[in-house]
Amino acid sequence: QVQLVESGGGLVQPGGSLRLSCAASRLRFGYYTMGWFRQAPGKQREWVADITPGSTTNYTDSVKGRFTISRDNAKNMVYLQMNSLKPEDTAVYYCNARLLIYDSWGQGTQVTVSS
């Protein structure tokens with residue numbers, strides 16, 4: 001069973017930066033599209049960004065130019081560098097691994113943007 005463990009969340013002031021990490025295990029990492037989703041209080045979980053096995057990246061419009069997703073296939077790691085953070089980025093961030101129609105999720109890490 002795929003295991004995903006996120007880290008790097010925390011409290012940051014508006015305009016600040018955070019780097020989220022996701023350690024993946026029990027999967028053939030290089031075959032998976034890896035992504036980040038987030039869920040704010042009272043809202044549905046939403047897709048933030050993903051990166052294909054070939055390292056093509058995709059972002060939701062609200063984070064383009066501020067967030068960068070990357071992967072290290074040698075270490076089975078995926079990262080989300082978040083810059084110029086806004087209060088509306090506050091959410092629990094979840095790592096996702098997708099192969100065909102199959103999704104696996106981490107437990108989430110809280111990101112709070114507040115002064």
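The values are calculated or read from the model by the stated rules, or taken from the named source; none is laboratory data. For clarity, every value in this text was computed on a predicted model and none was experimentally measured. Positions of Cβ are generated from backbone atoms using ideal geometry, with glycine treated the same way; all protein chains shown enter the neighbour counts. Quick note on the areas: whole protein, heavy atoms, side chains included, nothing else; ligands and nucleic acids left out. Shrake-Rupley method; radii C 1.70, N 1.55, O 1.52, S 1.80 Å.
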For the chain, the accessible surface attributable to carbon and sulfur atoms (probe 1.4 angstrom, ligands and nucleic acids excluded) amounts in percent to 48 percent
Karplus (6.51, -1.76, 1.60) ³J(HN,Hα), θ = phi - 60°, over the range 86-101, in Hz, Gly and Pro reported as x
10, x, 6, 7, 4, 4, 8, 9, 10, 7, 10, 10, 10, 9, 6, 9
If exposed trypsin sites (Lys or Arg not before Pro) are those in a DSSP loop with at most 13 other Cβ within 10 Å, what is the longest stretch of the chain that has none?
76-115
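When the Kirkwood radius is taken over all Cα pairs of the range 36-88, what Stokes-Einstein diffusion coefficient follows at 37 °C and 0.692 mPa s, in µm²/s?
272 µm²/s
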To the nearest 20 Debye, how big is the dipole of the chain about its Cα centre, given +1 on the beta carbon of each Lys and Arg and -1 on that of each Asp and Glu?
160 debye
Once you keep just the Cα pairs under 8 angstrom separated by 6 or more residues, what percentage relative contact order results for the chain?
37 percent
List, largest first, the extents of the alpha carbons of the chain along their principal axes, each in whole Å.
41, 26, 22
Gain on full stretching of the segment that runs from Ser62 to Trp105 - 0.36 nm per residue minus C-alpha separation
13.3 nm
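Pull out the extension gain between Met77 and Ser115, defined as 0.36 nm times the separation in residues minus the alpha carbon to alpha carbon distance; nm, one decimal.
Numbers: separation 38, 0.36 × 38 = 13.68 nm, distance 3.04 nm.
Going from the current span to full extension adds 10.6 nm.
What ranking of Thr112, Thr68 comes out by heavy-atom accessible area, probe 1.4 Å, highest first? Spell out each step's value before the answer.
Details: Thr112 45, Thr68 70 Å².
Highest to lowest solvent-accessible surface, that is Thr68, Thr112.
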